[in-house]
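All remarks here apply to the structure that follows.
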Amino acid sequence: MQTIATVTQQLWSNVDAYIVGRLLRPDAALDAALKDNAAAGLPQIDVSPAQGKFLHLLARMIGARRILEIGTLGGYSTIWLARALVEGGRLISLEADAKHARVARGNVERAGLSSSVEIRLGRALETLPSVEADGLGPFDLIFIDADKPNNPHYLRWALRLARPGALIVCDNVIRDGAVADAASRDANTLGARELFDAIAAEPRLTATALQTVGAKGYDGFAIAMVD
Ligand SMILES: C[S@@+](CC[C@H](N)C(=O)[O-])C[C@H]1O[C@@H](n2cnc3c(N)ncnc32)[C@H](O)[C@@H]1O
């Protein structure tokens, strides 16, 4: 018997497929990246195609020249974002898992983006100081999509490395609605709630969050602009 949850998810997936069918063109490099991720056994926790294009559009809208991504996985969102860079722009993506970084480098290379993308291996809280020391910022857009309990730390780093007017985007902040549950003890949900608290307490940020539904379920993005 189908539950309401399965029927609802089916509807969200159908509408996502409709959106992709109307507004996204077939894309050999992105499709191959997802195939290689699956073949290598990577978890299917990349952004959806429609969400990837949303990130791409955000980066294009602000004419991003320097993008920092925290959490590469197989490079699917990396490719979407790197394609939005202005001529001569650079994207640095931080990834803790050596296998993920290896698969991502292959996907980025096949997409023809190796010259504009660097994937830096290591836990982000350990590699972020080197991003600063190497003078790779200030960044126009920072996409936070790694281990959720560290979100408040990533937000602090994002603020440190952002230029005035930069966008900070953080994925998976709604968590099936659990973010609004003050009694939750789930570490990822607490990471999302602490991120909201940190954003709310930061006078330099103007922010909102958007709930999303689709092929990847019910979740959402926080989006903040640095004043
Ligand atoms: C949700 S996935 C990223 C998805 C990717 N942004 C996309 O949409 O294609 C999260 C990634 O963060 C990585 N990660 C987890 N903890 C990390 C850490 N402390 N530092 C850097 N990366 C980390 C995981 O290995 C995983 O590849």
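Read-outs: derived from the displayed coordinates by stated rules, not from any lab. From a predicted model like this one, the values you see are computed outputs, not experimental measurements. A quick note on method: Cβ atoms are made from the backbone with ideal geometry, for glycine too, and the neighbour counts reach across all protein chains shown.
Under the rule a/c < 1.5 gives rounded, and otherwise a/b versus b/c splits prolate from oblate, where does the stretch 1-53 land using the Cα gyration tensor?
Judged from the Cα gyration tensor, the stretch 1-53 comes out oblate (a/c at least 1.5, b/c at or above a/b).
Work out the charge dipole of the stretch 139-178 with +1 on the Cβ of Lys and Arg and -1 on the Cβ of Asp and Glu about the Cα centre, then indicate which of Trp157, Leu141, Cys170 is farthest towards its positive end.
Trp157
How large is the direction-averaged shadow of the alpha-carbon convex hull of the stretch 53-207, in nm²?
So the mean shadow area of the Cα hull is 9.0 nm².
Does the stretch 131-215 come out rounded, prolate or oblate by the C-alpha gyration tensor, with a ≥ b ≥ c the root eigenvalues, rounded set by a/c under 1.5 and, if not, prolate when a/b is larger than b/c and oblate if not?
prolate
Sorted by average packing, counted as other Cβ atoms within 10 angstrom per residue and highest first, what order do 47-53, 65-71, 23-29 take?
65-71, 47-53, 23-29
Pick from Pro203, Pro138, Pro149: which is most flexible by mean-square fluctuation in a GNM of the chain where alpha carbon atoms under 10 Å apart are linked?
Evaluated over the chain, the most mobile residue of the options is Pro203.
Rounded to the nearest 20 Debye, what is the dipole magnitude of the chain about its Cα centre when Lys and Arg each give +1 and Asp and Glu each give -1 at the C-beta?
Working: 24 positive and 26 negative charges, 82 e Å.
It works out to roughly 400 debye.
Which of Ala178, Ala59, Ala162 moves most in a GNM of the chain, Cα contacts under 10 Å?
Ala178
Counting only complete DSSP H runs, which helices of the chain cover 24 Å or more along their long axis at the Cα atoms and score a mean Kyte-Doolittle of 0.0 or above? Walk me through the numbers on the way to the answer.
Working: long enough: 4-23 (28 Å, 0.47).
The answer, listed by residue number, is 4-23.
Classify the stretch 64-131 as rounded, prolate or oblate from the Cα gyration tensor: take a ≥ b ≥ c as the square roots of its eigenvalues, call it rounded if a/c is under 1.5, otherwise prolate when a/b beats b/c and oblate if not.
The shape class here is oblate.
Using only DSSP helix segments of four residues or longer, with each worth -39500 (n - 2.57), what per-residue ellipticity at 222 nm results for the chain after dividing by its residue count and rounding to 500?
-14000 deg cm²/dmol
In whole Å, what is the distance between the alpha-carbon centres of the stretch 46-86 and the stretch 187-207?
22
Assign unit charges at the C-beta atoms only (+1 for Lys and Arg, -1 for Asp and Glu), then state the dipole size of the stretch 13-84 relative to its Cα centre in Debye, rounded to the nearest 20.
It comes to approximately 360 debye.
What does the highest-first list of 88-99, 10-21 look like by mean Cβ count within 10 Å?
Taking the mean over residues of other Cβ atoms within 10 Å, the ranking is 88-99, 10-21.
Say we join alpha carbon atoms closer than 10 Å with springs in a Gaussian network model of the chain; which of Thr208, Thr189, Thr78 then has the biggest fluctuation?
Per the Cα network of the chain with a 10 Å cutoff, Thr208 tops the list.
Which is farthest toward the positive dipole end of the chain among Ser114, Val15, Pro43, measuring Cα position about the Cα centre, with Cβ charges +1 (Lys, Arg) and -1 (Asp, Glu)?
The Cα lying farthest towards the positive end belongs to Ser114.
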